[in-house]
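Asks: Please find one structure pasted underneath; my questions will follow.
The values are calculated or read from the model by the stated rules, or taken from the named source; none is laboratory data. What you see is a predicted model, and the numbers here were worked out from it, not measured in a lab. Cβ: placed from backbone, ideal geometry, glycine included. Neighbour counts: every protein chain shown. We work out accessible area using only protein heavy atoms, side chains counted, and drop any ligands, DNA or RNA first. Shrake-Rupley method; radii C 1.70, N 1.55, O 1.52, S 1.80 Å.
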Amino acid sequence: MTQIAGRTYWILGASQGIGHALAKALHARGAQLVLSARDKPALQQIAYDLGNGCRIWPLDVTDQQALTQACTELLQGEQPVDSVIFMAALYQPMALDQLAHDQVEQMLRVNLGAAFDLVAQAFPLLKARGNGQVVLCASLSAYRGLPLAQPYAATKAAMVSLAESLYLEARGTGVDVRVVNPGFVRTRLTAKNPFAMPALIEPDEAARRIVEGLAGRRFEIRFPRRLALGMQLLALLPYPLYFLLVRKLLVKRG
């Protein structure tokens, strides 16, 4: 089991939703925190609420220069962080014949491009140290293509692939790599969904499960269990059965 207390976690995307809840959950377990997001006032309020052991580092994850500086100072400073957790994300459900290209570009840049930038900057520094952790937050929607889930699900599928590749490249370096695949969590992002969300959970519950996963050893942290198993089953089905089942589910819900 991994000790949470006393470790320093840098959460990117900490001002709202799961990232905010995760900050509270880790702090409650005795972790030190560095919190990043674009919303400086929100970070200041979180740091005030949590008290000692919480620093803020306002940051736009799409700003490569700012991200490089943050990685250098936070991973090589006098008190380097132990774990880098990428939670930043944008989401907008849309049909593929009604794509809003500006929103697509923003999702690709934040959800995926920034994650690659972070890995490119953080992994070599952690590798040189011979220790540390990289945690990338994807989604259960990454398991298989679903209607209205694009382009968000595409970025999350790519995130899983990035985490898998990084895990293999990090073997023997002392750097631990994890991927988080949540199901539906009640946040400002999922509030945009025009459909019923099965097994919907609260951010605090999602954070609790992530912390439990980080304390364990498994590469993938996924939840809730029933939805995760269902999505895994879909991923294992051959295409004819998968398409047939999803079409029937859509007709039933319609």
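Asks: Which whole-number percent of Cα pairs in the range 107-198 have a distance greater than 15 Å?
Replies: The share of Cα pairs beyond 15 Å in the range 107-198 comes to 62 percent.
Asks: Here is a further query. In nm, give the distance between the simple-model label positions of L168 and L146, each being 7 Å from the Cα along the Cα-to-Cβ direction.
Replies: Reported label-point gap for L168 and L146 is 2.7 nm.
Asks: Computing the accessible area with a 1.4 Å probe over protein heavy atoms, can you report the carbon and sulfur percentage for the range 184-254?
Replies: Reported share for carbon and sulfur atoms: 61 percent.
Asks: Go through A114, G17, Q92 and say which Cα lies farthest out towards the positive end of the charge dipole of the range 1-156; charges sit on Cβ, +1 for Lys and Arg, -1 for Asp and Glu.
Replies: G17
Asks: Same structure, new question: With springs only between Cα atoms under 10 Å apart, run a GNM on the chain and tell me which of L22, L67, L126 wobbles the most.
Replies: The residue with the greatest mean-square fluctuation here is L67.
Asks: Per the 1.4 Å probe, what fraction of the accessible area of the range 1-112, in percent, lies on carbon and sulfur atoms?
Replies: After summing per-atom areas, the C and S share lands at 46 percent.
Asks: F243 versus Q64, label points 7 Å from Cα toward the beta carbon: distance in nm?
Replies: 3.9 nm
Asks: Rank D102, D117, D49 by mean-square fluctuation in a GNM of the chain with C-alpha springs under 10 angstrom and give only the top-ranked residue.
Replies: Comparing D102, D117, D49 in a Gaussian network model of the chain, the most mobile one is D102.
Asks: Under unit Cβ charges (Lys, Arg +1; Asp, Glu -1), what dipole magnitude, rounded to 20 debye, does the chain have relative to its Cα centre?
Replies: I would put it at about 1000 debye.
Asks: In Å, the Kirkwood hydrodynamic radius of the range 152-196 over pairs of distinct alpha carbons?
Replies: 12.7 Å
Asks: Skip the ligands, DNA and RNA, and give the accessible area per residue of the range 1-70 with a 1.4 Å probe, whole Å².
Replies: Ligands and nucleic acids excluded, the figure is 48 Å² per residue.
Asks: Using 7 Å Cα-to-Cβ label points, what is the N131/Q92 separation (nm, one decimal)?
Replies: Output for this residue pair reads 4.4 nm.
Asks: Further question: Cα to Cα, under 14 Å, and not fewer than 8 places away if on the same chain: which aspartates and glutamates meet these conditions relative to K156?
Replies: Those aspartates and glutamates meeting the cut-off are E164, E220.
Asks: While we're here: Give me the number: length gained by fully extending S161 to L233, i.e. 0.36 nm times residue separation minus the C-alpha to C-alpha distance, one decimal in nm.
Replies: Between S161 and L233, full extension yields 24.1 nm more.
Asks: Residue-wise, which Karplus ³J(HN,Hα) couplings in Hz belong to the range 76-83, taking 6.51 cos²θ - 1.76 cosθ + 1.60, θ = phi - 60°, and x for glycine or proline?
Replies: Per-residue couplings from phi come out as 10, x, 5, 10, x, 6, 8, 9 Hz.
Asks: Connecting C-alpha atoms closer than 10 Å in a GNM of the chain, tell me which of P80, P151, P194 has the biggest fluctuation.
Replies: The residue with the greatest mean-square fluctuation here is P194.
Asks: Counting only Cα, what are the radius of gyration and maximum Cα-Cα distance Dmax of the chain, in Å?
Replies: In order Rg, Dmax, the Cα atoms of the chain give 18.1, 58 Å.
Asks: Check C54: other-chain or 5+ apart residues with amide H under 5 Å from its amide H, H built from backbone geometry?
Replies: Excluding prolines and chain starts, which carry no amide H, the hits are L33.
Asks: Oh, and also: Got a sec to turn the phi values of the range 224-234 into Karplus ³J(HN,Hα) couplings, 6.51 cos²θ - 1.76 cosθ + 1.60 with θ = phi - 60°, whole Hz, x for Gly and Pro?
Replies: Here the 3J(HN,Hα) series is x, 4, 5, 5, 4, 5, x, 5, 5, 4, 4 Hz.
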